[in-house]
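Each remark here refers to the structure printed beneath this line.
The values are calculated or read from the model by the stated rules, or taken from the named source; none is laboratory data. Just so you know, these numbers come straight off a predicted model, no measurement behind them. Because the Cβ atoms are built from the backbone with ideal geometry, glycine has one as well, and the counts that use them run over all protein chains shown.
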Amino acid sequence: MNAAVLEELPRSPGVWAQAWKRLRADRVGMVSLMVTLLFIVLVAMAQFGLVAADWQREVGTPHAPPHFVGKVVDGSETAVVEVPTGPNADLSAVDPLAPRYQEWDERAAQFKTADSVKSPTLPLGGDRLGRDVLAKTIKGAQVSIAVGLIAALFATVIGTVLGAIGGYFGGKASDFLEWVYNVFTAIPSILLIFSFAAVLKSGPLAGTIGSGIWMVVIILSLVGWTGIYRLVRAEYMKHRSREYVRAAEAIGASHLSRMFVHILPNISHVVLVQLSLHVVSFIKFEVILSFLGLGVPVDMVSWGTMLSESQSELVLGKWWQLASATVFMATFVTAFALVTDALRDALDPKLR
């Protein structure tokens, strides 16, 4: 049989080509994929300063309501009280900063024109300082989604690699990894996260890995790999003696090739489901850590810090910051979970 005849023979589509074909047939999965990609693009634009770059700017009046609510005209908005000071008053005896007041007043006068014009309403309202809630929500999405995705990816890689080693090789390697797994799972995950956060933020190891997003990512990655490891290890123990793996061994495939080229695609649906669950869980953990002051620094914003700020605002009837962060978070989490379910169905060998 010559080469021309071989080229005319139909070729069997690969695993990923079949998965993409099945995914395109799932309307809910495709819509969820588009929503997820939209959020990721929004996060990338915020990272490069294309959107929400001036989220700290006070563009509105304090607690400015959303456009669809309208301007508050009953006098319930927060008033700014100006305290007049006499230009010839000598307060240096009781206030050592008194000589600097005139200098500060002159500097403030330079920005008086720009700061005096503030919008009474904003697209999704303003916070207690008059910052745009929409810009804060987009910037918060950058932090929260980045933490959730990066930490879940690291935890998935760690759990998958360790699970593949333990399940494929067995023996002493599996026993050692089981011991490490039991040590980490002996402590409730939320307490372990708080312990790592306290040590890395204010303990003897404070500052060793920096602060902010990467500290939270490392904490969640160190804690979150155990569940993935357990499932992947069980799948590798089940697949390592199957016919297709034996056939790969017979043609000279290496251990790495059998582990990650032959077995991994057949259990990828399990890994993807765990990845989706961890993204959702890690976003929640970031919210909890930031709410308690153990997450992102005070000079950053995330969905967690926004929910923390909204506590005091709800007492005053200012609900828009809570609603904005909650709606954005729920939309992303739901879309990400649905697209991962669609990918699981597309990659599941039993459904092909």
* Condition check for V161: modelled with pLDDT under 90 and either of a type outside the set (F, W, Y) or part of a helix (DSSP H, G or I) (or both) -> no
* Counting just the residues of the stretch 250-286 that are loosely packed, with under 15 Cβ neighbours inside 10 Å and free of Cβ contacts under 8 Å to residues at least 60 places away in the same chain, which one comes out nearest to R344 (Cα to Cα)? -> V261
* **Residue, farthest from L338 (Cα to Cα), within the stretch 230-278, restricted to residues that are over 29 Å from the mean Cα position of the chain (by Cα) and of a type in the set (K, R)** => R246
* To do: Please work out which one of (1) modelled with pLDDT of 55 or more; (2) assigned to a loop (DSSP other than H, G, I, E, B); (3) among the β-branched types (V, I, T) is the condition I150 fails and give its number.
  => (2)
* Structure fact -> Only one of (1) crowded, with 19+ Cβ neighbours inside 10 Å; (2) touching a residue at least 60 places away in the same chain (Cβ under 8 Å) does not apply to F196, and that is (2)
* To do: Read through the list (1) assigned to a helix (DSSP H, G or I); (2) crowded, with 22+ Cβ neighbours inside 10 Å; (3) not charged (D, E, K, R), then give the number of the only condition that V301 fails.
  => (1)
* **Residue list for the stretch 314-343, restricted to those being in contact with a Leu (Cβ under 7 Å, 6 or more places away or on another chain), modelled with pLDDT under 90 and surrounded by 20 or more Cβ atoms within 10 Å (Cβ to Cβ)** => V339, T340, A342, L343
* Taking the stretch 23-43 only, how many residues are of a type in the set (S, T, Y) and part of a loop (DSSP other than H, G, I, E, B)? -> 0
* To do: Check whether at least one residue in the stretch 194-214 is part of a helix (DSSP H, G or I), within 17 Å of H278 (Cα to Cα), aliphatic (A, V, I, L, M) and at pLDDT below 85, and report yes or no.
  => yes
* If you check Q311 against the conditions, is it surrounded by 17 or more Cβ atoms within 10 Å (Cβ to Cβ) and more than 14 Å from the chain's Cα centre (by Cα)? -> no
* Please find, within the stretch 267-311, the residue that is modelled with the highest pLDDT out of those that are more than 24 Å from S32 (Cβ to Cβ) and charged (D, E, K, R). => E309
